[in-house]
């Protein structure tokens with residue numbers, strides 16, 4: 001259910017995503033109607049939608065599957081256990097700095113979607129020099145690296161993707177996830193003053209817990225060009241059960257927890273993230289990783305730690321020894337010899 005159409009710079013109306021089932025469309029309508037936390041009549045919320053005849057129990061079950069708690073009141077009305085801070089397209093656009101806003105060809109905001117990356121990969125690519133942005137309040141098939149699932153309850157984080165067309169593949173294209181990590185780190189500092197660390201190659205770390213992640217996917221284009229889609233997910237205020245279910249060794253972290261329980265403005269965070277990603281993508285063909293290396297190394301969450309790196313062919317054990325100029329992870333063995341790791345999963349070993 002997008003909040004902005006592909007043919008206009010802004011839109012104030014909700015429209016159903018054609019790929020959604022009628023139950024999902026009904027659940028989206030209920031989610032928007034219940035976001036204020038006040039009691040509502042479920043049939044009134046569904047009236048006038050294309051799913052008005054869907055039995056209410058089905059979309060209510062879908063909301064529960066998304067991680068929301070719906071309370072049934074004695075008078076037959078329903079409400080959410082907690083209000084939702086939903087993003088608004090016009091408010092978001094108003095917070096993006098003008099220099100970045102001028103380079104945004106399209107911004108789509110969905111209540112729910114399978115994957116923001118997938119949406120952009122399957123859509124018309126932006127013209128060179130411009131970005132297309134896709135945001136979802138909830139992704140039911142959100143992905144991390146190597147196909148891992150990335151699921152965050154509605155409005156509990158910021159999940160967005162940016163698409164950029166490179167006329168020619170940048171020499172440092174493989175290091176774009178690292179530069180994107182720096183962009184996300186800067187956006188978090190812009191929005192709430194926190195300094196997070198970066199775990200090579202694609203994780204945002206806060207107080208030892210996983211705060212977010214980055215997924216960059218590329219598709220060759222005609223005449224040698226390439227489409228790059230950068231997806232970023234950041235935890236803003238996770239429900240306790242969602243945080244506890246993380247498979248990250250240090251658990252999940254969120255920004256609200258680091259700010260005394262008060263979440264930052266999701267609008268400010270999303271706007272800052274869009275601006276920082278557009279900044280990186282707009283100059284990356286010329287600069288590559290160079291402008292981001294210093295900050296990347298200063299924020300390295302792995303340096304000096306004993307680690308295991310696993311790829312499709314082998315397992316490397318050693319001590320993380322920094323990141324080289326090409327974005328490769330350096331791993332030193334017991335003799336001090338360094339191996340360059342270009343891709344792989346990293347696990348930190350107990351001290």
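Considering only residues in region 323-334 that are touching a strand residue (DSSP E or B) at 6+ places or on another chain (Cβ under 9 Å) and not in a strand (DSSP E or B), the one that is nearest to residue 173 (Cα to Cα) turns out to be 326.
Restricting attention to region 73-93, the residues that are without any contact (Cβ under 8 Å) to a residue 12 or more places away in the chain and either outside any loop (DSSP other than H, G, I, E, B) or under 23 Å from residue 137 (Cβ atoms) (or both) total 0. Note on region 164-176: among residues that are buried (at least 21 other Cβ atoms within 10 Å of the Cβ) and out of contact with any helix residue (DSSP H, G or I) (no Cβ under 6 Å at 6 or more places or on another chain), the one that is nearest to residue 276 (Cα to Cα) is 176. Within the option set 249, 239, being modelled with pLDDT under 95 and over 27 Å from residue 340 (Cβ atoms) holds for one residue only, 239.
Only helices (runs of 4 or more DSSP H) whose full extent lies in region 213-322 are considered here, and the ones with at least 3 residues that are in contact with a helix residue (DSSP H, G or I) (Cβ under 9 Å, 6 or more places away or on another chain) are 255-258, 266-287, 293-298. Could you please let me know if residue 38 is at pLDDT 90 or above, within 21 Å of residue 156 (Cα to Cα), exposed (fewer than 13 other Cβ atoms within 10 Å of the Cβ) and not assigned by TED's automatic domain parsing to the domain that holds residue 256? Answer is yes for this residue. Among the candidates 339, 335, the residue that is surrounded by fewer than 14 Cβ atoms within 10 Å (Cβ to Cβ), over 25 Å from residue 218 (Cβ atoms) and either out of contact with any helix residue (DSSP H, G or I) (no Cβ under 8 Å at 6 or more places or on another chain) or without any contact (Cβ under 8 Å) to a residue 40 or more places away in the chain (or both) is uniquely 335. Filtering region 173-209 to residues that are in a strand (DSSP E or B), in contact with a strand residue (DSSP E or B) (Cβ under 6 Å, 6 or more places away or on another chain) and modelled with pLDDT of 95 or more leaves 197, 199, 203, 204, 205.
The values are calculated or read from the model by the stated rules, or taken from the named source; none is laboratory data. On a predicted model such as this, the values are computed, not experimentally measured, just so you know. No Cβ is skipped: glycine too gets one built from the backbone with ideal geometry, and neighbour counts run over all protein chains shown.
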